[in-house]
1. What is the distance, in nm, between label points placed 7 Å from the Cα along the Cα-to-Cβ direction at residue 260 and at residue 88?
2. Taking just the alpha-carbon atoms of segment 135-175, what radius of gyration and Dmax come out, in angstrom?
3. Taking a label point 7 Å from the Cα of residue 244 along the Cα→Cβ vector, which residues of segment 151-176 have an amide N closer than 16 Å to it?
4. If you take the charge dipole of segment 113-269 about its Cα centre, with +1 on Lys and Arg Cβ and -1 on Asp and Glu Cβ, which of 184, 203, 248 is farthest toward its positive end?
5. Report the extension gain between residue 118 and residue 271 in nm, rounded to one decimal, defined as 0.36 nm multiplied by the number of residues separating them, less their alpha carbon distance.
6. Placing +1 on the Cβ of each Lys and Arg and -1 on the Cβ of each Asp and Glu in segment 75-147, which of 143, 117, 95 has its Cα farthest towards the positive end of the resulting dipole?
7. Residue 43: which lysines have alpha carbons under 30 Å from its alpha carbon, excluding same-chain residues fewer than 8 sequence positions away?
8. So which trypsin sites (Lys or Arg not before Pro) in segment 112-166 end up in coil per DSSP with only 15 or fewer other C-beta atoms within 10 Å?
Amino acid sequence: MKTSKTVRCMSFLFMFILLFLTTGCADNYIVLDPKGPIGEQQKDLMILSTLLTLIVIVPVLILTFVIVWRYRDRKGRKAKYTPNWEHSTKLEIIWWGIPIIIITLIGIVTVRYTYSLEPSKPLESEKKPITIQVTNLDWKWLFQYPEQGIATVNYVQFPEDVPVRFEVTSDAPMNSFWIPQLGGQIYAMSGMSMTLYLQADEQGEYMGSGANFTGKEFAKMFFTANATSQEDFDQWVNQVKNTSPELTLDGYKELTKQGTSDARYFSAFPEGLYEMTVTKYAASHNHGLSTRVQPPARVKE
């Protein structure tokens, strides 16, 4: 029994979709479900760039299959055979002109979005940003709240609709700080303090992780980013202050040792701890610290 062309085409399409859905990415589309202004702009850029490139990719793929099918070796082939053909000005204009126009458009769009999405550029908001200092450790994330005076491990909470100024450094091999639904990643590097502004427009718990391989327990470097109302945030800060132990300098040294960790909370941390971490590797690389950098070793236990 002969199979119709329609059935063959539908089978091929079904296999392609099945292959795509079983690649392990089907449940991880969170980058395309942003919950903040930075994530929204980045999604728009990805979609626009993809659509522009598809203008070239789709016709090329279709023509590839059409040409292979039409000129395949078979009896009674009726495809036109023109061995002396060598040039077509019309075709040259099409296959050179369209890619040049698309590349130009992608370049213009990318430059505009790159300027708009510069990580250290403050977000437009009537509300004052909250500062959270992030330190990459082996294999955990330490969050310090210099204005609230608390610290956490593998858990970060902030109010919705309020810009968050993340200051990111590392006291371990280089990693990359990433909350996919709020925006793109930024590198955490020893001796440097990088600034990243993000904002959550909706309340909810968002997955955060390291995005740069740093060893055998790298896969467990996840943390929860919880966006809540301002009232819930203030209540949480008071709860941490009243019920959690302090993070001492010896406690921080324990955190720097290799190992994973559950979420932990600290009612206080040594003054100048973040600045000490940055400057102990290189005093000249501080890209936007929220407080003036003091000489290292001025840390109270």
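FYI, it's all coordinate maths here, none of it is from the lab. Model, not experiment: these values are computed from the prediction. FYI the Cβ positions are ideal-geometry reconstructions off the backbone, even for glycines, and counts take in every protein chain you see.
1. A separation of 5.9 nm, rounded to one decimal place.
2. Over segment 135-175's Cα set, Rg and Dmax evaluate to 11.1, 33 Å.
3. Counting only backbone N, you get 151-159.
4. 248
5. Values: separation 153, 0.36 × 153 = 55.08 nm, distance 2.98 nm.
So the chain would gain 52.1 nm between residue 118 and residue 271.
6. Farthest towards the positive pole: 95.
7. In chain and number order, the partners are 35, 121, 127, 128, 140, 220.
8. Numbers: sites: 112, 127, 140, 165; in loops: 127.
Qualifying residues, ordered by number: 127.
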